[in-house]
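Heads up: the structure comes next, in structure tokens.
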Amino acid sequence: MGGVRSMVKKGLGEMGFNKGGGAINWFPGHMAAATRAIRHRLKVSDLVIEVRDARLPLSSANEDLQPSLSGKRRVIALNKKDLANPNIMHKWTHYFDSCKQDCISINAHSRSSVKKLLELVELKLREVISREPTLLVMVVGVPNVGKSALINSIHQIATSRFPVQEKMKRATVGPLPGVTQDIAGFKIAHQPSIYVLDTPGVLVPSIPDIETGLKLALAGSVKDSVVGEERIAQYLLAVLNTRSTPLHWRHLNNRRIEELRNEYEDKHDYNLKDLLPNKRKLPNRSDVKYIEDLVTEVQCALHVTLSEFNGNLEEENDLESLIEQQFEKLQKAMKIPHKASEARTMVSKKLLTLFRTGKLGPFILDDVPHSPNPVS
């Protein structure tokens with residue numbers, strides 16, 4: 001990954017993700033107030049569910065909160081497991097187990113998955129249930145890891161168990177980070193009374209490691225406009241290339257690709273943004289076929305360019321040259337007009353959407369540490 005780190009450093013210069021502003025200001029004012037509120041409520045919480053992105057088991061941890069969280073009963077919920085590589089996911093749960101930290105991979109949209117999380121939470125609370133009439137469970141995490149989706153699923157389960165309890169306003173779910181800005185609580189059990197506190201997603205004021213910042217941006221925890229779609233897409237391509245991921249797509253059928261070119265001469269009007277979780281529009285059969293064919297075209301473009309590449313991926317100049325070629329190939333694959341002034345931005349946005357919705361396959365961007373370390 002040496003080429004990636006060199007390219008990141010060269011491309012971003014001394015730019016940092018910092019509270020004070022500088023080249024990138026990614027710490028909105030409401031997050032400072034939210035962080036203070038979270039710290040205050042942590043003191044009275046009996047257990048914390050720390051939601052992280054399963055694709056970023058370490059990078060999606062809020063480092064500023066770790067000292068406070070380490071002293072609490074905690075369950076780390078690695079959400080979006082459907083987007084994470086299952087061949088590596090079990091290594092991460094084993095890693096957290098070796099660190100003596102409770103961890104479970106979940107899909108917040110799956111009722112059975114969330115039930116397993118709640119069973120683990122109840123197990124962890126058994127030792128204090130006998131002496132405490134009211135217990136508080138706090139849900140924390142950085143933006144866009146799926147906290148609101150988890151809260152909604154927990155609420156649905158709680159409502160089925162206790163239908164007479166007061167109705168809770170559903171948490172707002174969206175693809176943009178920082179949607180939930182208030183701390184709200186609702187009851188999920190009686191005897192003892194167990195309350196779940198939802199919290200807004202908060203980022204740390206500064207991150208010294210730029211690559212960690214880019215991983216968070218790639219996963220959608222930072223608004224694209226803050227870092228720039230093209231910069232994030234370049235990082236994604238660098239990661240795919242250095243991992244040789246496109247070479248695993250050699251199953252592609254060249255004859256099918258040729259058919260696609262003839263079949264889709266006219267620009268399709270389906271918007272890839274409709275794949276994002278806040279959209280209610282479901283793609284019809286034609287849309288599904290378009291998406292599948294677009295994914296095949298994109299995979300083919302990346303496969304061909306990497307397989308024909310004769311340079312050294314560890315050299316930043318060679319890697320940059322390859323990525324430039326891939327942008328050109330992707331522009332053709334996505335049928336974006338050659339003279340479009342915003343062509344690279346359009347390519348970047350479509351590529352990022354395909355990655356974030358799992359259409360390019362499941363990924364885990366963090367590397368499993370070789371030996372047990374602190375879980376943050």
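The values are calculated or read from the model by the stated rules, or taken from the named source; none is laboratory data. Remember, it's a predicted structure, so these values are computed and weren't measured experimentally. We place every Cβ from the backbone using ideal geometry, glycine too, and count neighbours over all the protein chains shown.
Exactly one condition in (1) touching an Asp or Glu at 6+ places or on another chain (Cβ under 7 Å); (2) surrounded by fewer than 20 Cβ atoms within 10 Å (Cβ to Cβ); (3) modelled with pLDDT of 90 or more is false for ILE257; which is it?
The one condition ILE257 does not meet is (3).
Could you check the stretch 102-136 and list, in sequence order, the residues that are among the charged types (D, E, K, R) and under 22 Å from the mean Cα position of the chain (by Cα)?
Of all residues in the stretch 102-136, those among the charged types (D, E, K, R) come to 102, 111, 115-116, 119, 122, 124, 126-127, 131-132.
Answer for the stretch 102-136, where residues must be among the charged types (D, E, K, R) and under 22 Å from the mean Cα position of the chain (by Cα): ASP102, ARG111, LYS115, LYS116.
Take ILE291 and decide whether it is at pLDDT below 95, in contact with a Cys (Cβ under 8 Å, 6 or more places away or on another chain), in a helix (DSSP H, G or I) and outside the structural domain of SER148 (by TED's automatic domain parsing).
On the way: at pLDDT below 95: yes; in contact with a Cys (Cβ under 8 Å, 6 or more places away or on another chain): no; in a helix (DSSP H, G or I): yes; outside the structural domain of SER148 (by TED's automatic domain parsing): yes.
Answer is no for this residue.
Could you check the stretch 288-322 and list, in sequence order, the residues that are polar (S, T, N, Q), crowded, with 17+ Cβ neighbours inside 10 Å and farther than 17 Å from VAL239 by Cα? Walk me through how you get there before you give the answer.
From the stretch 288-322, those polar (S, T, N, Q) are 296, 299, 305, 307, 310, 312, 317, 321; that's our starting set.
Filter again for crowded, with 17+ Cβ neighbours inside 10 Å, leaving 296, 299, 305.
Scanning the stretch 288-322 gives a single hit, THR296.
How many residues does the stretch 293-319 contain that are touching a residue at least 24 places away in the same chain (Cβ under 8 Å), closer than 13 Å to ARG250 by Cβ and among the acidic types (Asp, Glu)?
Of the residues in that region, 0 qualify.
Hey, could you check the stretch 67-101 for residues that are in a strand (DSSP E or B) and within 16 Å of the chain's Cα centre (by Cα) and say which is nearest to SER45 (Cα to Cα)?
ILE76
It is to be established whether one or more residues within the stretch 348-357 are under 21 Å from ILE88 (Cβ atoms), modelled with pLDDT of 90 or more and part of a loop (DSSP other than H, G, I, E, B).
First, the residues of the stretch 348-357 that are under 21 Å from ILE88 (Cβ atoms): 354-357.
From what's left, modelled with pLDDT of 90 or more: 354-357.
Next, only the ones that are part of a loop (DSSP other than H, G, I, E, B) stay: 357.
Scanning the stretch 348-357, I find at least one residue that is under 21 Å from ILE88 (Cβ atoms), modelled with pLDDT of 90 or more and part of a loop (DSSP other than H, G, I, E, B), so the answer is yes.
Output the number of residues of the stretch 64-82 satisfying the condition of being surrounded by 17 or more Cβ atoms within 10 Å (Cβ to Cβ) and out of contact with any helix residue (DSSP H, G or I) (no Cβ under 8 Å at 6 or more places or on another chain).
Going through the stretch 64-82 one residue at a time, the tally reaches 2.
How many of the residues in the stretch 315-347 are part of a helix (DSSP H, G or I) and touching a helix residue (DSSP H, G or I) at 6+ places or on another chain (Cβ under 7 Å)? Don't jump to the end; show me each part of the working.
Residues of the stretch 315-347 that are part of a helix (DSSP H, G or I), as a first pass: 316-333, 343-347.
Still in the running and touching a helix residue (DSSP H, G or I) at 6+ places or on another chain (Cβ under 7 Å): 316, 319-320, 322-323, 325-327, 329-331, 333, 343-345, 347.
Selection size over the stretch 315-347: 16.
Going by the structure shown, is PHE327 closer than 18 Å to HIS248 by Cβ and surrounded by 16 or more Cβ atoms within 10 Å (Cβ to Cβ)? Walk me through it before giving the result.
Details: closer than 18 Å to HIS248 by Cβ: no; surrounded by 16 or more Cβ atoms within 10 Å (Cβ to Cβ): yes.
Here the answer is no, as PHE327 does not meet what is asked.
Of these, PRO175, PRO163, PRO143, PRO205, which one is modelled with pLDDT of 65 or more, surrounded by fewer than 20 Cβ atoms within 10 Å (Cβ to Cβ) and part of a loop (DSSP other than H, G, I, E, B)? Don't jump to the end; show me each part of the working.
Working: PRO175 fails: modelled with pLDDT of 65 or more; PRO143 fails: surrounded by fewer than 20 Cβ atoms within 10 Å (Cβ to Cβ); PRO205 fails: modelled with pLDDT of 65 or more.
After applying the criteria, what remains is PRO163.
Under the condition of being charged (D, E, K, R) and part of a helix (DSSP H, G or I), which residue from the stretch 102-127 is farthest from LEU47 (Cα to Cα)? Quick ask: steps written out before the conclusion?
Within the stretch 102-127, the subset charged (D, E, K, R) is 102, 111, 115-116, 119, 122, 124, 126-127.
Imposing the further condition that a residue be part of a helix (DSSP H, G or I) reduces the set to 111, 115-116, 119, 122, 124, 126-127.
On the way: ARG111: 21, LYS115: 17, LYS116: 16, GLU119: 13, GLU122: 10, LYS124: 8, ARG126: 11, GLU127: 12 Å.
Checked the stretch 102-127; the qualifying residue farthest from LEU47 (Cα to Cα) is ARG111.
Can you report the number of residues in the stretch 76-104 which are of a type outside the set (A, V, I, L, M) and farther than 20 Å from HIS370 by Cα?
Within the stretch 76-104, the first condition is being of a type outside the set (A, V, I, L, M), and the residues that meet it are 79-82, 85-87, 90-103.
From what is left, the residues that are farther than 20 Å from HIS370 by Cα are 79-82.
Looking only at that region, the number is 4.
Any residue at all in the stretch 92-102 that's among the hydroxyl-bearing types (Ser, Thr, Tyr), in contact with a helix residue (DSSP H, G or I) (Cβ under 7 Å, 6 or more places away or on another chain) and buried (at least 19 other Cβ atoms within 10 Å of the Cβ)? Quick ask: steps written out before the conclusion?
Step one: of the stretch 92-102, the residues among the hydroxyl-bearing types (Ser, Thr, Tyr) are 93, 95, 98.
If we keep only those that are in contact with a helix residue (DSSP H, G or I) (Cβ under 7 Å, 6 or more places away or on another chain) too, we end up with none.
No, that holds for no residue.
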